[in-house]
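To keep things clear, I will list the structure first and then write my remarks on it.
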Amino acid sequence: MNPRREEVAAALCTRTLLATLCLLALTTSVSAEGTWTLWMMGASSPWDSVGNFPTREQCMEALHQQAQAVEKLGLKVTEDPPGGSFAATDADRDIRGQCLPDTEDPRGPKAK
């Protein structure tokens with residue numbers, strides 16, 4: 001084989017490998033993002049999914065809006081932005097909200 005052809009073939013192989021690795025990294029990054037679910041729970045009701053969002057930031061914005069709405073009902077609200085949650089309580093009620101990746105479920109693992 002011609003030495004020049006070998007160089008071209010090696011360069012093409014290297015470029016193909018790099019392109020494949022970049023594509024794999026991008027795909028992994030996108031799938032790691034996934035969607036986010038806003039979960040709410042009341043005193044006598046279990047966790048319930050109330051919305052899905054393409055980013056954590058959008059889920060957190062909706063969570064904050066829910067916390068404000070609950071606060072208007074007279075409950076004391078404590079938000080935990082790093083934890084992606086809030087808790088609201090008064091003498092008779094306990095309401096919680098949480099943003100989780102769509103791969104997590106606050107109700108625990110499903111029974112088989």
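The values are calculated or read from the model by the stated rules, or taken from the named source; none is laboratory data. Computed from a predicted structure; not experimentally measured. Here Cβ is always computed from backbone atoms with ideal geometry, including for glycine, and neighbour counts include all displayed protein chains.
Numbers for the structure displayed
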item: Verdict on GLU57 being touching a Ser or Thr at 6+ places or on another chain (Cβ under 9 Å), among the acidic types (Asp, Glu) and either outside any loop (DSSP other than H, G, I, E, B) or at pLDDT below 95 (or both); result: no
item: Residues located in segment 59-103, provided they are more than 19 Å from ALA43 (Cα to Cα) and in contact (Cβ under 8 Å) with a residue 24 or more places away in the chain; result: CYS59, MET60, ALA62, GLY84, LEU100, PRO101, ASP102, THR103
item: Unmet criterion (only one of (1) assigned to a helix (DSSP H, G or I); (2) over 11 Å from LEU38 (Cβ atoms)) for GLY108; result: (1)
item: Check on SER49, assigned by TED's automatic domain parsing to the domain that holds ILE95 and either surrounded by 14 or more Cβ atoms within 10 Å (Cβ to Cβ) or modelled with pLDDT of 95 or more (or both); result: yes
item: Evaluation of GLY83 against (1) over 17 Å from PRO106 (Cβ atoms); (2) out of contact with any strand residue (DSSP E or B) (no Cβ under 6 Å at 6 or more places or on another chain) (one fails), failing number; result: (1)
